[in-house]
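The structure appears right after this line, and notes come after that.
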Amino acid sequence: MQTIAAIDVGTNSIHMVVVKVNPEIPAFNIIDTEKSTVRLGEGSKDTGQLHADAIARAIAALRRCQEVAKACKVEKIQAVATSAVREALNGRSFIRAVEAELGLKINVISGPEEARRIYLGVLSGIELNNNPHVIVDIGGGSTELILGDGQDPRSLSSTKVGAVRLTEEFITTDPVSTREFEKLRAYVKGMLEWPVEELRSHLSPGEVPTLIGTSGTIESILKLHACEVMGACPTSLRGHVLTLGDLKDLIHKLRKFTYEERCKMPGMTERRAEIILAGAVVLAEVMSLLALDSITTCERALREGIVVDWMMKQGLIEDRLRYQGSVRERSVINLAHQYHVDLSTAERIAKFAVTLFDQTQGSLHPWDAEERQLLWAAAILHNCGHYISHSAHHKHSYYLIRHGGLLGYTDAEVEIIANLARYHRKGPPKKKHENYQNLVNKTQRQMVDQLSAILKLAVALDRRQIGAIQSLYCDIDPANTVILHLQASQAGDDCALELWSLEMKKACFEAEFGVHLVAQLADQTPNPDLQLV
C-alpha cells in the first residue's frame, strides 16, 4: 500500500486528506484529514492580488499539512490550487513562495479541471447507476456544476459565484438589507443561467437528474437544517435530504439574523456564519433554475478526486471510470483488508449466503437484489471483529462495520449490514439489544431477522474454513421441509463438523421461516466442474 496526501488550496479553506491506496482493489482508505479556514482570497477583489496576511496564513496552514503528512509517513503529496490563486495577479508568486519556503509544489488547475476532479471524487463515494446526477460544489470563489451518470461527464462548468467572493462584493449590512439581498440574488441568478442552460442541454427528453451537493458550504447548510429538524446535530449527513422549500425558509431566517445570531445557531461556526447566506443563495438559485426540489450531500469531492486522478495516472485504474461500477463492493473489500479478514473464507461464505438467498427467494422470503447485496456485504465482513478480539467478535464486528465508513451505502443500509454481522452466530436478534433498536422500522427488523438466519447457515457450512462443502442445492417440499443437498469437495470427507454446525445453527432459520431443515450429503464422487449457483 502507498500513503498519499491530497491538498486543496481553495479561496476559503485549505483542506488535506491522507489516504492509504490499495492498488489491488483498487481503492483508498482515508486515515487523516486537516483543514484550516485561511480565507486566501479575502480582500483580493480590490487589488486583484492575494494579500500578504492571507499568504502568511496559507503558508502556515500548508506547513501544518506537511507536519501531519510526515507523521502519517506520506510518500507523495499532490496539491492543487483553485479559484483564488488562478485569478490573482500574484498567484504565481504565491506558488513560487510556497515551493521556496516549504519545498511543496502546487499545481493551479482551471475551473473545468476542478469540476472534473470533483466528479472523480464523487464517483469514488457514490454509485450513480448510469442515472443522471447533477453535482454542485459551492466554494469560496466559484461554483462548479457537473452532469454525469457514472461514465464520462456530460457537462462541466465553473462560475465565479463563490460564498466568500459574493459576501465581499454584495454584503455590507448586518443583518443584510433587503436591497443588498435582492441585488445578490439577482446577480447570482444572472451568472448561473447560462451554465445551467448548458447543463440542461445534455439531458435527454424526460430525464430528471438527482442533485448532489459537495463542499463545506453545502454540508453546513444541510447540517443547519438537520440540527433544526432533529433537535440535535447529527454525526453524519449521509442520506439527509434538504428540500427547496426548507432551504428558502432557512434563507429567510439567515437574512433576518445578525452575524452574532447566526453564530449561535446549532451546527454553525463563526467563520462559516460570515459567508453562509451567500452560499445558501447560490444553492437556492441552482435548485430553482434546474427545477429540482431536493438535494443530498456527498462527503467526497475535490480532495478525493485528486487521489483518484493520481491513481489513474499511475495506471491503477485501467478503465477510467469503471472505478464507479462497484463502489460498494470495493468499499467492502477495502474494509475487509483493513481489518485483516481472510478473504478466501469470507468470499466462500458469501457465496453460500447468496446461493441460499437465491434458492429460497419467493418461496421463503420476499427480498430482492438490494437486500441480496447487503447480505453479501455482511457475509464478507461478519468476522472482522476478530481484529479486536476473538471473544464476542460478533459484537466487535457490528461496531467496526457501523463506524468503518462504508461508501455507497445509506446510514440505514450500513446499520442493516452491521446488524446482520452481529447476529451471524448464537441466538436471534432481541428487542432489548441497542443495535437492533437502531433499525428504524419493522421492515428493516424483519430483514435482519431473516437474512441473519440465512447467514448463520452459510457460516456453518464452512465450519472448518477449508472449503469442505463444494456446492449446495435447496429443495422445499409441500410439507415445508427444506432439504439442503450438499456436495463435499473431497471424496471420503463426511463433513461431520459442518453437518453438526448446521444442526446447531438451524433453529433460528426454522423458527423464522416456519420450516424444518434437513441436510443431506451426497455420497457420489465430487464433480470438479460443479460450482455454487
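The values are calculated or read from the model by the stated rules, or taken from the named source; none is laboratory data. These numbers come from a predicted model, not from an experiment. Here Cβ is always computed from backbone atoms with ideal geometry, including for glycine, and neighbour counts include all displayed protein chains.
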Problem - Val18 being part of a loop (DSSP other than H, G, I, E, B) and at pLDDT 95 or above - result: no
Practice task
Restrict the check to the range 48-69 and report whether at least one residue is charged (D, E, K, R), over 30 Å from Gln338 (Cα atoms) and in contact with a Lys or Arg (Cβ under 8 Å, 6 or more places away or on another chain).
Solution key: yes
Exercise for the section: Inspect all residues belonging to the range 70-92 and state whether any of them is modelled with pLDDT of 95 or more, assigned to a helix (DSSP H, G or I) and aliphatic (A, V, I, L, M). Expected result: yes
Practice task
Considering each of Leu283, Leu292, Leu364, Leu316 in turn, give the residue that is touching a strand residue (DSSP E or B) at 6+ places or on another chain (Cβ under 8 Å), of a type outside the set (Asp, Glu), surrounded by fewer than 24 Cβ atoms within 10 Å (Cβ to Cβ) and in the same structural domain as Cys233 (by TED's automatic domain parsing).
Solution key: Leu292
Exercise for the section: Check every one of the strands (runs of 3 or more DSSP E) wholly within the range 115-215 and list those with 3 or more residues that are surrounded by fewer than 22 Cβ atoms within 10 Å (Cβ to Cβ) and more than 18 Å from the chain's Cα centre (by Cα). Expected result: 155-159
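This table checks each residue for (1) modelled with pLDDT of 95 or more; (2) closer than 17 Å to Pro26 by Cα; (3) surrounded by 15 or more Cβ atoms within 10 Å (Cβ to Cβ).
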| residue | (1), (2), (3) |
| --- | --- |
| Met312 | no, yes, yes |
| Ile333 | no, yes, yes |
| His340 | no, yes, no |
| Gln373 | no, no, yes |
| Ile388 | no, no, yes |
Practice task
Go through the residues of the range 189-207 one by one and say whether even a single one is assigned by TED's automatic domain parsing to the domain that holds Phe257, under 17 Å from Ala273 (Cβ atoms) and in contact (Cβ under 8 Å) with a residue 60 or more places away in the chain.
Solution key: no
Problem - Test for Ser44: is it hydroxyl-bearing (Ser, Thr, Tyr) and in contact with a helix residue (DSSP H, G or I) (Cβ under 7 Å, 6 or more places away or on another chain) - result: yes
Problem - Leading residue by the ranking (surrounded by the most Cβ atoms within 10 Å (Cβ to Cβ)) among those in the range 246-260 that are in contact (Cβ under 8 Å) with a residue 24 or more places away in the chain and not in a loop (DSSP other than H, G, I, E, B) - result: Leu254
Practice task
State whether one or more residues within the range 96-106 are aliphatic (A, V, I, L, M), buried (at least 24 other Cβ atoms within 10 Å of the Cβ) and within 29 Å of Val134 (Cα to Cα).
Solution key: no
Problem - In the range 48-60, the residues that are more than 18 Å from Ile275 (Cβ to Cβ), touching a residue at least 40 places away in the same chain (Cβ under 8 Å) and either within 30 Å of the chain's Cα centre (by Cα) or in a helix (DSSP H, G or I) (or both) - result: Ile55, Ile59
Handout entry: Unique residue being buried (at least 20 other Cβ atoms within 10 Å of the Cβ), under 25 Å from Glu169 (Cβ atoms) and in contact with a helix residue (DSSP H, G or I) (Cβ under 9 Å, 6 or more places away or on another chain) when the list is Ala58, Ala79
Key = Ala58
Practice task
With the checklist (1) farther than 29 Å from His403 by Cβ; (2) in a loop (DSSP other than H, G, I, E, B) in hand, flag the one item Pro234 doesn't pass.
Solution key: (1)
Practice task
Give the residues of the range 438-476 that are surrounded by fewer than 16 Cβ atoms within 10 Å (Cβ to Cβ) and aliphatic (A, V, I, L, M), sorted by residue number.
Solution key: Val440, Ile466, Ile476
Completion exercise
Scanning the range 162-189 residue by residue, the ones that are touching a Gly at 6+ places or on another chain (Cβ under 9 Å) and closer than 26 Å to Val134 by Cβ total 6
Problem - Residue in the range 25-34 that is touching a strand residue (DSSP E or B) at 6+ places or on another chain (Cβ under 9 Å), crowded, with 17+ Cβ neighbours inside 10 Å, outside any strand (DSSP E or B) and touching a residue at least 24 places away in the same chain (Cβ under 8 Å) present - result: no
Handout entry: Positions within the range 191-230 being of a type in the set (Lys, Arg) and under 18 Å from Leu244 (Cα atoms), in sequence order
Key = Lys223
Exercise for the section: Output the residues belonging to the range 1-15 that are hydrophobic (A, V, I, L, M, F, W, C) and assigned to a strand (DSSP E or B). Expected result: Ile4, Ala5, Ala6, Ile7, Val9, Ile14
Exercise for the section: Determine whether Leu472 is out of contact with any His (no Cβ under 7 Å at 6 or more places or on another chain) and either farther than 18 Å from Tyr398 by Cα or outside any loop (DSSP other than H, G, I, E, B) (or both). Expected result: no
Handout entry: Tally, over the range 422-457, of residues that are in a helix (DSSP H, G or I) and closer than 27 Å to His516 by Cβ
Key = 17
